[in-house]
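Undergrad: Right, I'll just put the structure down here and ask away after.
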Amino acid sequence: IGTVLTGVAQPSGCGPAILAAGSVTVPMTPGLYTLVLENLFANVIREGETGVPFWATQTARADTITNLTIYVDAVPPVIGACCTRGRCSVRDSETCTNIGGVFVGPGTDCGGDSDGDGVADVCDQCPSTPPHTIVRRNGCVPGIKTYDRDSKR
């Protein structure tokens, strides 16, 4: 089953050939890891075979086994805007989630408050409301107008 590679390991040498391929999911924790290869088996095509109607093979020994060593370096944190209860701060995504915030995305910041309501645009669910306007929970419909403590009513 699979692709048959012919001419590999001929006495005259045919150059390098990929005999196996795949992928490995490595841990996120930094450190040194070793992929241990066990129970390998291989078959070789019997001399003189043509592939008609099939390739006859015989068992081959896998004498040399080299384990794969993988070094995982520290993964830098993903930094961006974090919205927590109407406030914006720049944090790493893990800290943002741990404090109950919503991570906006990598490379985002808290700059800009186009409607002057004190909520950064990236965290503002109603970015076009007039300043000092309370917004109802069911959408961006202005509710009761509020005033600063020191302003005249």
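Undergrad: Please give me the summed charge of the neighbours of Asp109: other residues whose Cβ is under 15 Å from its Cβ, Lys and Arg +1, Asp and Glu -1.
TA: Net of charged neighbours comes to -2.
Undergrad: Short version: ³J(HN,Hα) in whole Hz for each residue of the stretch 85-97, in order, from phi by Karplus 6.51 cos²θ - 1.76 cosθ + 1.60 (θ = phi - 60°), x for Gly and Pro, what are they?
TA: 6, x, 10, 10, 9, 9, 8, 7, 4, 5, 4, 4, 5
Undergrad: Next up: Using θ = phi - 60° and the Karplus relation 6.51 cos²θ - 1.76 cosθ + 1.60, list the HN-Hα couplings for the stretch 70-78 in order, rounded to whole Hz, with x at every Gly or Pro.
TA: Karplus values, whole Hz, x for Gly and Pro: 10, 9, 9, 7, 4, 8, x, x, 8.
Undergrad: What does the net charge come to around Gly80 if you take all other residues with beta carbon closer than 9 Å to its beta carbon, with K and R at +1 and D and E at -1?
TA: Charge balance near Gly80 sits at -1.
Read-outs throughout are calculated quantities, based only on the coordinates presented, and are distinct from any laboratory measurement. Please read all numbers here as calculations on a predicted model, not as lab measurements. Ideal geometry is used to build each Cβ from the backbone, glycine not excepted, and the neighbour counts take in all protein chains shown.
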